[in-house]
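Asker: Dropping a structure here in structure tokens format, bear with me for questions.
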Amino acid sequence: MLSVDEAFACLREHVRPLPVEEVALEGACGLQLARAICSQDDSPPFDKSMVDGYAFSTHDTAPTLRVIEQVTAGQVPHHAVEPGTTIRVMTGAPLPDGADAVVKWEDAQRLDDATIRSPQVIATEHATARRNESGVPIESGYCVLPRGAAFQTGQQVLSSGRHLRPVDIGLLAEIGRFQVPVIPRPRVAVLPTGNELVEGEGPLAAGQIRNSNGPMLLAALRQLGMITIDLGIGRDNLEDLRTRIEMGLDADVLLISGGVSAGVLDLVPDVLESLGVRQVLHKVKMKPGKPLWFGVRDSGPRRVLVFGLPGNPVSTFVAFHLFVRPALGTLAGAPFAAPTPRVGQLLGPVEHRGKRPSYHPCRVSGERRAESRERKREGGEKLAVEPLAWQSSADLATLARADGLALLPAGNYQLEAGQKVDVLPL
Ligand code: AMP
Ligand code: MG
């Protein structure tokens, strides 16, 4: 039986990022960019007015400027600005030839509908009258965003490996990239198995229970941004399992719950092997979660990961948190990262019995009572860990109250309040 660390090492060795795909921009947010993106255009593509106002030449010495044209965003000027003239421009309009600045609409002095006073002449008057306000002439380039100011043709705008955010999607749209090379979102199929499982609201006949693993896993996957495939409930017979597992092998990852222990109807490993899924590990020294099964099926460059999660809901959840989550992260392009425990301090006693390390549901909070100097030495805020009275790996209700898993090493012992314990925040 492998230790938890050996199981991590197995996964690290067998899980690699999904092959790069070109996806539509609208579906790319949150995904990892697989190649650097360079612009095919200058941005902005033309010298553009940043305000509503009058485009003019800062070198023009004429005292008044005649308005010869009006240009809105999306139009192009038909005239050039000559000495003694100006063109009224709106925000986003191209700067006319001959102009090198724009005076804002609210700063311009209009003599009539078709004439403004020269902003430069006004500035000079203010300066000679020793009045402070706007006694400075407008500089060349004022209120103009020059062509290529943001980036130029051929310039890299996004680097490879970046996780695309909404702003990046906007930037890609700006440069006209509507197909982008990314590591795609993993497609994960979910198959709870068991003859005892009842779907949905239906009444429970003798011996039956409801399927909690299916909805729990699908929810966890959706929260992680995966594409989910619900395979329904698999029954404990070879034909039904075979049919559903075959469908699941079309996905990137197949999560099966139940049927991987030592019961007479635990048929999942055999069916997987008959379908060409190579077992990488079976059984991990941990509690809960011991029966975990993991294997891969390769067809050409395509690799499907298959996890057989133990049927008990807490076992399923713990195995998902420890092993499946990091594997999904790696499929999506991140290096494999096993969950890292933090050091906490027990608020109450906890007893441990058994040869396997345990993941014990607990409540976790920031430790306020710890001295601040001690806190610094510990490298950050210490966590207070309250172990919860936990019935068994079927006790989902206690797990629902927990927000951490205390990591209790193998052995028979009792830890007392105040002692240190490793904890995995959930
Ligand atoms: P198994 O791993 O199939 O032996 O199942 C172990 C325990 O988990 C049994 O008590 C099952 O009834 C229970 N179990 C299996 N699958 C589910 C499920 N989808 N939802 C809730 N409990 C389950
Ligand atoms: Mg079962």
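Asker: Could you please let me know if Leu171 is without any contact (Cβ under 8 Å) to a residue 60 or more places away in the chain, open to solvent by less than 70 Å² (accessible area, probe 1.4 Å), within 14 Å of ligand 1 (Cβ to nearest atom) and in a helix (DSSP H, G or I)?
Answerer: no
Asker: Pairs under 8 Å by beta carbon, first residue free of Cβ contacts under 8 Å to residues at least 12 places away in the same chain in segment 382-405, partner open to solvent by less than 20 Å² (accessible area, probe 1.4 Å), six or more apart or different chains?
Answerer: Going by the 8 Å Cβ cut-off, the qualifying pairs are Ala389/Thr398; Gln391/Thr398.
Asker: Sticking with this one: Assess whether Asp298 counts as being within 28 Å of the chain's Cα centre (by Cα), surrounded by fewer than 20 Cβ atoms within 10 Å (Cβ to Cβ) and at pLDDT 95 or above.
Answerer: yes
Asker: Any idea which of Pro313, Pro326 is in contact with a helix residue (DSSP H, G or I) (Cβ under 6 Å, 6 or more places away or on another chain) and open to solvent by less than 30 Å² (accessible area, probe 1.4 Å)?
Answerer: Pro313
Asker: Quick one: how many residues across segment 181-227 are away from ligand 2 (no atom under 16 Å from the Cβ) and among the β-branched types (Val, Ile, Thr)?
Answerer: 4
Asker: Out of the residues in segment 301-310 that are open to solvent by less than 30 Å² (accessible area, probe 1.4 Å) and farther than 14 Å from Ser393 by Cβ, which is nearest to ligand 1 (Cβ to nearest atom)?
Answerer: Filtering segment 301-310 down to residues open to solvent by less than 30 Å² (accessible area, probe 1.4 Å) leaves 304-310.
Then keep just the ones that are farther than 14 Å from Ser393 by Cβ; that gives 304-308.
Working: Val304: 21, Leu305: 19, Val306: 15, Phe307: 13, Gly308: 9 Å.
Residue satisfying both the conditions and the ranking: Gly308.
Asker: If I ask for residues that are within 14 Å of Thr193 (Cβ to Cβ) and open to solvent by less than 60 Å² (accessible area, probe 1.4 Å), which ones from segment 208-236 would you list?
Answerer: Asn211, Ser212, Asn213, Gly214, Leu217, Leu231, Gly232, Ile233, Gly234, Asp236
Asker: Please go through segment 237-264 and give me each residue that is surrounded by 15 or more Cβ atoms within 10 Å (Cβ to Cβ), of a type in the set (Asp, Glu) and out of contact with any Pro (no Cβ under 6 Å at 6 or more places or on another chain), ordered by number.
Answerer: Asp240
Asker: Within segment 54-161, which strands (runs of 3 or more DSSP E) (wholly inside it) include 3 or more residues that are touching a residue at least 24 places away in the same chain (Cβ under 8 Å) and open to solvent by 20 Å² or more (accessible area, probe 1.4 Å)?
Answerer: By residue number, 64-71.
Asker: Counting only residues that are in contact with a Phe, Trp or Tyr (Cβ under 8 Å, 6 or more places away or on another chain) and free of Cβ contacts under 8 Å to residues at least 60 places away in the same chain, which one in segment 316-352 is nearest to Glu416 (Cα to Cα)?
Answerer: Out of the qualifying residues, it is Ala319.
Asker: Looking at Asp240, Asp270, Asp230, Asp252 in this structure, which one is within 13 Å of ligand 2 (Cβ to nearest atom) and acidic (Asp, Glu)?
Answerer: Checking each option against the conditions leaves just Asp240.
The values are calculated or read from the model by the stated rules, or taken from the named source; none is laboratory data. From a predicted model like this one, the values you see are computed outputs, not experimental measurements. All Cβ positions, glycine included, derive from the backbone under ideal geometry; neighbour counts span all protein chains shown. Ligands, DNA and RNA are excluded from the accessible area calculation, which covers all protein heavy atoms including side chains. Shrake-Rupley method; radii C 1.70, N 1.55, O 1.52, S 1.80 Å.
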